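The next block holds one structure in the form of structure tokens; read it before the comments.
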Amino acid sequence: MRQAVNQPDTTQRVVSTGGEKQLSVEAKAQAVTAPGAVHIGKTDAQSKAGIAGVALRVTAADGKPAIRQDGSPLLGADGKPAVITTGTDGTATIPDLRTPQDIRITEVAPARGYEEAFDAANPPSTTGTLRPGDTLELNLVNKPNTPTVPIHIPAGDPTPGPTSPM
């Protein structure tokens, strides 16, 4: 009987009474890139301050849902691409997205005080490419409504007072 030969860098051979048989191992796995995140900022065009409570739809560049790292689509409760809302600082973050992919952020409805510049037929949006392991920074800027000042400002009490007899 011969001894087994162990060659860890190539092939392991096992010897039995039936002779020598070569064994090999083959495995296949799909390569997965590191996940990425998207950080969105919604700011005022004049003051550069963050705008809170803005609803933003997250999609791929083609309008289809963005893809999570596990391969599932990023959907909201309504089955459409997810809508997120900016926090008190005017930002929102979406973690664990597949990379690379192009991400589009589209404003769903105007923020309060920014309705004049919002065009529902062509809402503000921005697109960027999410790279493996990175955080994609996207920013949308809104122009605030123009304050209206009345032309005629009444002065005093508009009701007539008692007249004094002369």
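Taking amide H positions as modeled 1.01 Å from N, with prolines and chain starts lacking one, no residue 5 or more places away or on another chain lies under 5 Å from residue 117. 3J(HN,Hα) along segment 123-138, derived from phi through the Karplus expression 6.51 cos²θ - 1.76 cosθ + 1.60 where θ = phi - 60°, amounts to x, x, 8, 8, 10, x, 9, 8, 9, x, x, 9, 10, 7, 9, 10 Hz, with x in place of Gly and Pro.
Proximity of backbone amide H atoms, modeled 1.01 Å from N, is registered between residue 131 and no other residue at under 5 Å, excluding neighbours fewer than 5 places apart on the same chain. Less than 5 angstrom separates the built amide H of residue 139 from those of 41, all sequence-distant by 5 or more or on a different chain.
Output the peptides 72-81, 28-37 sorted from most to least packed, where packing is the average of other Cβ atoms within 10 Å over each peptide's residues. Mind showing how you got there, number by number?
Numbers: 72-81: 12.3, 28-37: 10.8.
Packing proxy ranking, top to bottom: 72-81, 28-37.
Over segment 43-125, accessible surface divided per residue gives 54 Å², non-protein components excluded, 1.4 Å probe.
Taking the centroid of alpha carbons for each part, segment 122-138 and segment 79-120 are 11 Å apart.
Label-to-label distance for residue 149 and residue 55 is 3.5 nm, based on points extended 7 Å past Cα in the beta-carbon direction. Projecting label points 7 angstrom from Cα along Cα→Cβ for residue 115 and residue 77 puts them 2.5 nm apart.
From the square roots a ≥ b ≥ c of the eigenvalues of the alpha-carbon gyration tensor of segment 31-141, which class results: rounded (a/c under 1.5), prolate (a/b over b/c), or oblate?
Numbers: a/c = 2.16, a/b = 1.66, b/c = 1.31.
In terms of gyration-tensor shape, prolate.
The values are calculated or read from the model by the stated rules, or taken from the named source; none is laboratory data. Keep in mind the model is a prediction, meaning the values are calculated, not measured. Backbone-built Cβ (ideal geometry, glycine too); neighbour counts: all protein chains shown. Heads up: the accessible areas ignore ligands, DNA and RNA and are worked out on the full protein's heavy atoms, side chains in. Shrake-Rupley method; radii C 1.70, N 1.55, O 1.52, S 1.80 Å.
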